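One structure is given below, encoded as structure tokens.
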Amino acid sequence: MRTLFTIFFILFVITVKSQQIVITILNADNSKPIPYAHICTKNFNNENEKYQAADLDGKRKINIKEKTIIYVSCIGYETISDTILPGTTQKEYKLKRTGFDIEEVVVTGQYEPVAVDKSIYDIKIIGRTQIENKAANNLADLLTDELGINISHDPSTGTGIKMQGISGENVKILIDGVPVIGRMNGNIDLSQIDLSNVDHVEIIEGPMSVIYGSNALAGVINIITKENKYSKFKTGANLYYESGTTYNANTNVSFNKNKHLIYFNGGRKFFAGFDVDDTNRKMDYKPKEQYNADANYTFGTVKFKIKYKIDFFKEKLLDRSDLFGLQHYSIKGLDTWFYTIRTNNNLQINHKLTENSNYNFLAAYSYYNRKKHTYIKDMTNLETQLTTGSTDHDTTKFDAIITRYVYNYVPENINVNFHAGFDFNLEYGTGKRMKNNKEDIQDYALFTGIMWNILPNFVIQSGLRASYNTKYNSPLVPSFNLKYNIKKLNIRASYARGFRAPSLKELYLYFYDSNHQIEGNEDLNAEYSHNYNLSTNYNITSGKNKFDFEIKTYYNIINNKITLVQLSPDNQLHFTNSNIGHFKSIGVEANIGYKYLPFFKIDMGFSRIGQTDSYDEDSLIFSNNFNSILTYNFLKLNGTLSIIYKYIGEYPSHTLTSEDLLLLNIMDSYHNLDITISKKFFNNSIVISAGAKNIFDNIEISGTQTGASQSGGAHGSTGGISSLAGRGRIFFVSLKMNITKY
């Protein structure tokens, strides 16, 4: 009996000493629960803090033994602090939406992750919310409406890009810092880069050759994938349908326990093809099927993080010819299949050695394989047979090995940051379309940089890259950046010299399909450039109102610019790579944004870009562009409306023939408009979106072509040309489902 009484007394004391309180967290605007809000409790008598999270209904049971301070917070809301006394059984907190933006952190080109406004580079961030508002499935969809960026469409090689008027072979595309290989006609096909597992995209317009080496004259686009840093378990599925032509499905799952994180993602995309004339067998936009998968494992502590990631991509693209043989009562056509496989394995290590030093290490192996097979298809019985032509079948492979190490040091009591590292790149190409069946190019580089805070609001950074290229003599590549800020005003200026060695494809690959006959040229010279950038931005915040203003200008000069030269006026498909001599682009861009948080946001911008591909330095031709993005949040309905508009002005390009004839192409201007509306259900675990793209029904844009002698001769005759601009008006619907456990 005495023992039972003792146990009862102890339980009673414990119950009295530690009481359970129900915390409820609501949105002050509509009194709806805020799922997974953060709760921090701290006892008065000690400094021990305990962190917890609310559930889907905004509730959490906590235990207190004595007088306790509580902090309640959530991203996008103001933080509340309170004191809870023993004896309290429940508490309700209503959080107000904050009028300030969430601080965005960037990693591209930085010593370490920093807030975007602290970066010495002018970096544009496209976050996950913007990706969803644009209903973007791939990188081409996402960048189509961005100012200063021009997206082109090729029937076979996919989408290409220009930044600041500079073509895509000078734009470095990275995924988590690893370069994407497998360029077609100088460009990475942006439609092959899936966005289902992307957290955000960081864009630096302007030269980054010191840090990232070749292919970074025009800038860098770094795609940052998702990491589940907070929840124990998370899974989701995405379904997307588009106007009877596109069917996409994707799923992902992640586990997070202690210091270990495992993530899987995979999906399939199917596109049925499109042509303005639906009676044609040959389509402008080729039918294709894509599969993508990636997985990663991360182990991390406060000072050490190691991550291994593997990516896989596969595409099947069908290029059909028009029908032939009709006069012989035998209807036939050619079916050319292109099979693309791209894989990447990479290991990344981030280690904080001391309070003042750390290093980043990257090692990656990338593989790219493109096969071509051509069949004759009998349309009467649907039987197929391999053709026997020497150019009808081939396989081209590229392997790349990348090793990168960066050491960062920040001395105490000295306003100087220092970094140094090495960058090794080895690329091999094999295939019967490759000269000698196998070629390789290697680049070994050392780079260093120093950042000096001369004043608290004035920063200067200089860098230098020294490299050895197995094909070309590499010069020293310097860069110089400065940043000056006065309260809300930031001014950035930069100069950099660039160097780009021709790629293996430009040197040695002979590429043939129904739309191209491109020959490599092993006599190419390397490109050299000088690049100048100046930007200023200013923001005003007052309560829930925020204004952003930005103006930037740039000037780019490229010597020995590599471009395609038409070998014969009688064959518009037959080209080779050649150095045209001198290229330059000059531009200005202005942006203004207004936010009334959390309801309303509008951004508007204007750009004017002039460029020339000729030897005549006075022949700059300008293009004007304008865009506007409006987003409205319906808080009570938990929905969002997004309207995206872009005006693409007349756009110039040049074609040089072997007869020293410069062909000037001017494409007509056009307008593009996309509308997306979405609504969230069941505490944001289900999101349904629908809308329309290319509402103005752009398909093919016409233009004019004028010929003139490079030596200054008279203009030739003017002819009509055309270019693909879109797949017509598209309607879409998507469904996203997520399950999260904290």
> Stretch residue 357-residue 318 to full length: gain in nm at 0.36 nm per residue minus the Cα-Cα span?
Replying inline: 8.8 nm
> For the chain, with the dipole built from +1 on Lys and Arg beta-carbon atoms and -1 on Asp and Glu ones, taken about the Cα centre, which of 354, 464, 72 lies farthest toward the positive end?
Replying inline: 72
> Kirkwood hydrodynamic radius for region 17-95: how many Å is it when counted over pairs of different Cα atoms?
Replying inline: 12.6 Å
> For the chain, what is the charge dipole size about the Cα centre, in debye to the nearest 20, if Lys and Arg each add +1 at the Cβ and Asp and Glu each add -1 at the Cβ?
Replying inline: 3940 debye
> Among the DSSP beta bridges whose two residues both lie in the chain, what percent are antiparallel, rounded to the nearest 5?
Replying inline: 95 percent
>> Which one, 406, 279, 627, projects farthest toward the positive side of the charge dipole computed for the chain from Cβ point charges (K/R +1, D/E -1)?
In response: 406
> Over what distance in Å are the Cα centres of region 298-377 and region 153-204 separated?
Replying inline: 12 Å
> With a ≥ b ≥ c the root eigenvalues of the C-alpha gyration tensor of region 173-227, is it rounded (a/c under 1.5), prolate (a/b larger than b/c) or oblate?
Replying inline: oblate
> Peptides 26-33, 133-140, 285-292: what's the order by average Cβ count within 10 Å, highest mean first?
Replying inline: 133-140, 285-292, 26-33
>> Quick check on packing: order 542-552, 500-510 by the mean number of other C-beta atoms within 10 Å, highest mean leading.
In response: 500-510, 542-552
> Of the cross-linked pairs 259/736; 269/584; 50/595; 314/377; 118/471; 226/314, which ones have a Cα-Cα span greater than 32 Å in the structure shown?
Replying inline: 269/584; 50/595; 118/471
> So who's got an amide H within less than 5 Å of the one on residue 29, skipping anything under 5 residues away but keeping other chains? H placed 1.01 Å off N, in plane.
Replying inline: 97
> For residue 535, what is the net charge nearby, where nearby means another residue's Cβ is under 12 Å from its Cβ and Lys, Arg count +1, Asp, Glu -1?
Replying inline: 0
>> Give me the base-10 log of I(q)/I(0) for region 105-222 at each q in 0.15 Å⁻¹, Debye formula, one uniform scatterer per Cα, rounded to two decimals.
In response: -0.63
>> Going Cα to Cα from residue 397, which aspartates and glutamates come in below 13 Å? Please leave out same-chain ones fewer than 8 positions away.
In response: 427, 439, 440
>> Within 10 Å, Cβ to Cβ, of residue 233, how many net charges do the neighbouring residues add up to if Lys/Arg are +1 and Asp/Glu are -1?
In response: +4
> So what does log10 I(q)/I(0) come out to for region 443-530 at q = 0.13, 0.15, 0.16 Å⁻¹, using the Debye formula with one equal point on every Cα and no solvent?
Replying inline: -0.63, -0.72, -0.76
>> I need to check one value: relative contact order of region 223-741, counting alpha carbon pairs closer than 8 Å and at least 6 residues apart, in percent.
In response: 8 percent
> For the chain, what is the calculated [θ] at 222 nm in deg cm²/dmol (nearest 500), taking -39500 (n - 2.57) for each run of four or more DSSP H residues and dividing by its residue count?
Replying inline: -1000 deg cm²/dmol
> Taking region 223-741, how much of its Cα-Cα pair set, in percent, is spaced more than 43 angstrom apart?
Replying inline: 29 percent
> What number comes out for the charge environment of residue 160, summing +1 per Lys or Arg and -1 per Asp or Glu over other residues with Cβ under 12 Å away?
Replying inline: -1
> Can you sort 74, 40 so the residue with the fewest Cβ neighbours within 10 Å comes first?
Replying inline: 40, 74
> What is the order of 737, 667, fewest Cβ neighbours within 10 Å to most?
Replying inline: 737, 667
> Relative to the longest principal axis of the chain, what angle (0 to 90°, nearest 10) does the C-alpha long axis of helix 2-17 take?
Replying inline: 60 degrees
> So for the chain, taking the charge dipole from beta-carbon charges (+1 Lys/Arg, -1 Asp/Glu), which of 21, 557, 722 sits furthest toward the positive end?
Replying inline: 21
> Residue by residue, what Karplus-based ³J(HN,Hα) values in Hz, rounded to whole numbers, does region 424-430 have, using 6.51, -1.76 and 1.60 with θ = phi - 60° and x for Gly and Pro?
Replying inline: 10, 10, 10, 10, 10, x, 9
> So how do 194-204, 163-173, 376-386, 643-653 stack up, highest first, on mean other-Cβ count within 10 Å?
Replying inline: 163-173, 194-204, 643-653, 376-386
>> If the reach is capped at under 12 angstrom between alpha carbons, list the aspartates and glutamates near residue 483, excluding any in the same chain fewer than eight residues apart.
In response: 117, 122
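A short reminder: the numbers here are calculations on the coordinates, not readings from a lab. Keep in mind the model is a prediction, meaning the values are calculated, not measured. Quick reminder, even Gly has a Cβ in these numbers, built from the backbone with ideal geometry, and neighbours come from all protein chains shown.
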